[in-house]
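*Asks:* Dropping a structure here in structure tokens format, bear with me for questions.
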Amino acid sequence: MFNIKTKKEMKIRMFILAVSMLLGIYAVQGAKTDKPFTIVIDAGHGGRDPGAMGKLVREKDINLAIALRLGARIEKGLPDVRVLYTRKTDIFLPLQDRANFVNENAADLFICIHTNAAENTSVHGVETFTLGLNKQESNLDVAMRENSVILLEDNYEANYQGFDPNSVESYIMFEFMQDQYIDKSLSFATLTQKAMSGKCKRNNRGVRQAAFWVLHKSACPSVLIEVGFISNQQEEKFLASDSGRDAMAGAIYDAVVEYKRDIDKKNGIAVAAPSKSLQTEKQVSSSSKNTGVVYKIQIAAVKKELSAKDPALKGLKNVKYYKEGGFFKYTYGEENTFSEIEQLRKSIRSKFPEAFVIAFKDGKKISVSEARAIEKK
Ligand SMILES: [Zn+2]
């Protein structure tokens, strides 16, 4: 209980209360302005596709166990990060569906977890792959094995545009593609290898590149981690054990923490002070007209073009779309400042509660944090 002795003291207490309430409101709004940093964790294989077979365990079970442990650690340790799973149980999922899930949720990082296998049972260690576009560098054998699940899918000829995971020729298509996320993918892959070989003392087989369908179709920084060789007796034992799975999830978690910290630092999130005078807000707004930054509100992502009267658009006028990752992404509004687009987003919030802000610079999509950093310059 408070023990209030004087009127003056009461006034001071009321003042403190008012200020802390205002700060509280700011904190809630501040947290809502950006879409949360989203990580999709993908346990490779599942259901009728067991992946590589060991003597004690199947690949799909190792992958799922580590994926769930990793997700739980992120949820606990990084509560502002949104964690999504392609699967949380033993189900079969086509590769394309996994990539679609990443794109539908506008993920910021995609982590695929797999277990390796080799004819030579002495081969052991960990590898982290990014999408490889160069034929010389591509590890075709691994890519072919991990892509071959496509052949288990119904209707794969139609879904994968004639891509045959077992034909070398099919991989030529990757050589003509650009991967705009390669720098970030490489940096996360490097951190992951460092953590798995350091903390977990696994044999470091390095960061590698290969043409994985699931990475190629995902519109965000993406890696595929091979957590060890199921074909090696010791490594299989390690990956079949609770302690081994905990250790691997812990190492990948450490890499996530470090990666996220680097990104926040680059975006200036750590240094963004909550208290800002109105004067500075105004200066930011007026000087941001020439930055080339355009904010829009994304309201839907669908596979087919919608008619203007489509119920999904809920009668909203002046809706536009852009294409990304095989999707028509519908947007509303166009503003040069984040504060203006936020205002607009709030005005359609009742109809589109899931809508979120996206940003472009000179027509190229960038993250909202990047855009805001440019706006502040
Ligand atoms: Zn696999």
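The values are calculated or read from the model by the stated rules, or taken from the named source; none is laboratory data. Predicted, not measured: the structure shown is a model, and the values here were computed from it. Every residue, glycine as well, gets a Cβ built from its backbone with ideal geometry; the counts of neighbours run over all protein chains shown.
*Asks:* Residues of region 58-86 being more than 14 Å from Leu109 (Cβ to Cβ) and within 13 Å of the ligand (Cβ to nearest atom), which ones?
*Replies:* Arg58, Glu59, Lys60, Asp61, Ile62, Asn63, Leu64, Ile66
*Asks:* Moving on to the next point. How do the pairs read when you match residues in region 48-64 that are over 11 Å from Ala240 (Cα atoms) and in the same structural domain as Glu153 (by TED's automatic domain parsing) with residues anywhere that are small (Gly, Ala, Ser) and near the ligand (Cβ under 8 Å from one of its atoms), using Cβ under 8 Å and keeping only pairs 6 or more apart or on different chains?
*Replies:* What qualifies is Gly51/Gly44; Lys60/Gly44; Lys60/Gly51.
*Asks:* Looking only at residues in region 32-47 that are hydrophobic (A, V, I, L, M, F, W, C) and assigned to a strand (DSSP E or B), which one is nearest to Ala240 (Cα to Cα)?
*Replies:* Ala43
*Asks:* Test Gln209 against the stated conditions and say whether it is more than 25 Å from Val149 (Cα to Cα) and either at pLDDT below 95 or touching a His at 6+ places or on another chain (Cβ under 8 Å) (or both). Full working, then the answer.
*Replies:* Details: more than 25 Å from Val149 (Cα to Cα): no; either at pLDDT below 95 or touching a His at 6+ places or on another chain (Cβ under 8 Å) (or both): yes.
For Gln209, the condition - more than 25 Å from Val149 (Cα to Cα) and either at pLDDT below 95 or touching a His at 6+ places or on another chain (Cβ under 8 Å) (or both) - is not met.
*Asks:* Tell me whether region 258-276 contains one or more residues that are in the same structural domain as Pro79 (by TED's automatic domain parsing), at pLDDT 95 or above and farther than 27 Å from Thr190 by Cβ.
*Replies:* no
*Asks:* Is there a residue being surrounded by fewer than 17 Cβ atoms within 10 Å (Cβ to Cβ), under 12 Å from the mean Cα position of the chain (by Cα) and of a type outside the set (Asp, Glu) anywhere in region 58-79?
*Replies:* Scanning region 58-79, I find no residue that is surrounded by fewer than 17 Cβ atoms within 10 Å (Cβ to Cβ), under 12 Å from the mean Cα position of the chain (by Cα) and of a type outside the set (Asp, Glu), so the answer is no.
*Asks:* Sticking with this one: For region 41-57, which residues satisfy the criterion of being within 14 Å of the ligand (Cβ to nearest atom) and more than 21 Å from Pro94 (Cα to Cα)?
*Replies:* Gly54, Val57
*Asks:* Considering only region 217-268, how many residues are acidic (Asp, Glu) and within 16 Å of the ligand (Cβ to nearest atom)?
*Replies:* Number satisfying all stated conditions: 3.
*Asks:* Related question: Mind listing just one residue for me: the one in region 89-98 that is within 17 Å of the chain's Cα centre (by Cα) and more than 15 Å from the ligand (Cβ to nearest atom) and, of those, nearest to Trp213 (Cα to Cα)? Give the steps one after another, and end with the answer.
*Replies:* Of the residues in region 89-98, the ones within 17 Å of the chain's Cα centre (by Cα) are 95-98.
Next, only the ones that are more than 15 Å from the ligand (Cβ to nearest atom) stay: 96-97.
Working: Gln96: 8, Asp97: 11 Å.
Applying the filter and picking the extreme gives Gln96.
*Asks:* Let me ask something additional. Considering every residue within region 154-169, establish whether at least one is at pLDDT 80 or above and touching a strand residue (DSSP E or B) at 6+ places or on another chain (Cβ under 8 Å).
*Replies:* So far as region 154-169 goes, no, none of its residues is at pLDDT 80 or above and touching a strand residue (DSSP E or B) at 6+ places or on another chain (Cβ under 8 Å).
Residue-wise test of (1) crowded, with 19+ Cβ neighbours inside 10 Å; (2) at pLDDT 75 or above; (3) of a type outside the set (A, V, I, L, M, F, W, C).
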| residue | (1), (2), (3) |
| --- | --- |
| Val284 | no, no, no |
| Leu316 | no, yes, no |
| Lys323 | no, yes, yes |
| Gln343 | no, yes, yes |
| Lys365 | no, yes, yes |
